[in-house]
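The values are calculated or read from the model by the stated rules, or taken from the named source; none is laboratory data. In this text the structure is predicted, and so the values were computed from the model without any measurement. Note that we place each Cβ from the backbone using ideal geometry, even for glycine, and neighbour counts take in every protein chain shown.
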Amino acid sequence: MTPDRSPVDDLLRELAPQVVGVLTRRFGDFDTAEDAVQEALLDAAAQWPEQGVPGNPRGWLIQVAYRRMTEQIRNEQARRRREELVAARTPADRQAAPAADQAYESGRDDTLATLFLCCHPALSPASAIALTLRSVGGLSTAEISRAFMVPEATMAQRISRAKQRIKASGVPFGMPAPEERPRRLASVLHVLYLIYNEGYASSGGPDLQRVELSREAIRLARTAHRLMPDDPEVAGLLALMLLTDARRPARTDAHGIPIPLAEQDRGLWDGKAVAEGVALVTAALSRGAVGPYQLQAAVAAVHDEAPSAAETDWPQILALYGLLERMSGNPMVSLNKAVAAAMTHGPATGLALLDDLADRLGGHHRFHATRAHLREMAGDLAAAVADYRTAAGRTTSIPERDYLTTRAARLAGELDQRT
């Protein structure tokens, strides 16, 4: 994916789920509708920059996608029965390409329904991420495959299987019933969270960050917040993304090597994003229904509002992680809590907490990187070197590996000087 997007790209990504929703609601066929919209998006991306954006871009996409969808139905033998069903239930005067200014097309925004559909709990996280980025994010299969460094054919198969699984589930297009929404919303937020995390800290490869993925996650979270402005966890997730993404300009050096939070130049942080994130999480927490995304955003806000690393309110962070640990039971939360405990009460306290996590996280590079950091704080440099090297051997991120290897070499050099 390219680092910069044009206004046309942004417009197409905003309109993509709306058009998918229009065709899916009309034909009852999400799979074919999504394919047709992808072709319409490609046509628009090729024509609009040169010919100009049409007066009704949404209507233009609907008309083109409608024609594409009709062509697909007619040309595929396996779908003739569906074509007959559509023709039987569609009045004759509406079987032609729909007018762009019809009230149905212009008055309904199905973005949220499309988002819920793509993040259906029946899908694996990997499939839901891919389908969400394509159907709601408006990204092409090639763009998504490049972002996750897999062959385009592999990503196409993943998306196809996801759509087939949704079809097999029989779930109707539209908003979930009120009693189903909490569980379905949790899936939506989890998928957006995973997309952002992969952009913020790439799980593998030569780059620490995949900026385009994190930007797309923020855009989608903004859309969810616009459509669900009163949900505190939606606001909390958007706040979390903004507060952590604000540090992006200071997270790496000129060679792409990570810079720890305590060593970052806070003058490079995005103050506007910090202010927006703080305002969002403050308002969300005031509503009383506190959830895990709000608590994570609150931790990020404490970090971002500290004038310097030395002035960070670690006792408050420790308390927030304590609440989050009781709420989620996530061992990674416990890992972060151990760091906060070390910064509040000393490294021995944090190391004791890490001992309790060895069985669950001992195979993860972050466990060894964290223990190395706390052992370094405690002055046990030999053990810290061993842990840094173990962590470097277990990470699949090249920048993280280089950072951890460099850290181990520096401490080993200090040990040699002492002896």
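So, in the stretch 61-80, how many residues would count as being modelled with pLDDT under 60 and loosely packed, with under 14 Cβ neighbours inside 10 Å? Spell out the reasoning first.
Going residue by residue through the stretch 61-80, those that are modelled with pLDDT under 60 are 77-80.
When the remaining residues are screened for being loosely packed, with under 14 Cβ neighbours inside 10 Å, the result is 77-78, 80.
The total comes to 3.
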Considering the stretch 122-144, residues that are touching a Ser or Thr at 6+ places or on another chain (Cβ under 9 Å) and either on the phi > 0 side of the Ramachandran plot or not in a helix (DSSP H, G or I) (or both), and then whichever is surrounded by the most Cβ atoms within 10 Å (Cβ to Cβ), we arrive at 136
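In this structure, does residue 21 turn out to be exposed (fewer than 12 other Cβ atoms within 10 Å of the Cβ) and either part of a helix (DSSP H, G or I) or modelled with pLDDT of 85 or more (or both)? Steps first, answer last, please.
Details: exposed (fewer than 12 other Cβ atoms within 10 Å of the Cβ): no; either part of a helix (DSSP H, G or I) or modelled with pLDDT of 85 or more (or both): yes.
Considered against the rule, which asks whether it is exposed (fewer than 12 other Cβ atoms within 10 Å of the Cβ) and either part of a helix (DSSP H, G or I) or modelled with pLDDT of 85 or more (or both), residue 21 comes out as no.
Output the residues belonging to the stretch 145-159 that are in a helix (DSSP H, G or I) and without any contact (Cβ under 8 Å) to a residue 24 or more places away in the chain.
To start, the set of residues in the stretch 145-159 that are in a helix (DSSP H, G or I) comprises 145-147, 152-159.
Listed by number, the residues that qualify are 145, 152, 153, 154, 156, 157.
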Go through the stretch 250-286 and give me each residue that's exposed (fewer than 15 other Cβ atoms within 10 Å of the Cβ) and among the basic types (Lys, Arg). 272
Among the residues of the stretch 207-219, are any in a helix (DSSP H, G or I), basic (Lys, Arg) and more than 12 Å from the chain's Cα centre (by Cα)? no
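Within the stretch 97-117, does at least one residue satisfy the condition of being modelled with pLDDT under 80 and within 29 Å of residue 292 (Cβ to Cβ)?
Kept after step one, since they are modelled with pLDDT under 80, are these residues of the stretch 97-117: 97-109.
Narrowing further to those that are within 29 Å of residue 292 (Cβ to Cβ): 109.
Checked the stretch 97-117: at least one residue is modelled with pLDDT under 80 and within 29 Å of residue 292 (Cβ to Cβ).
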So which residues in the stretch 357-404 are more than 21 Å from residue 332 (Cα to Cα), surrounded by fewer than 16 Cβ atoms within 10 Å (Cβ to Cβ) and of a type outside the set (A, V, I, L, M, F, W, C)? 379
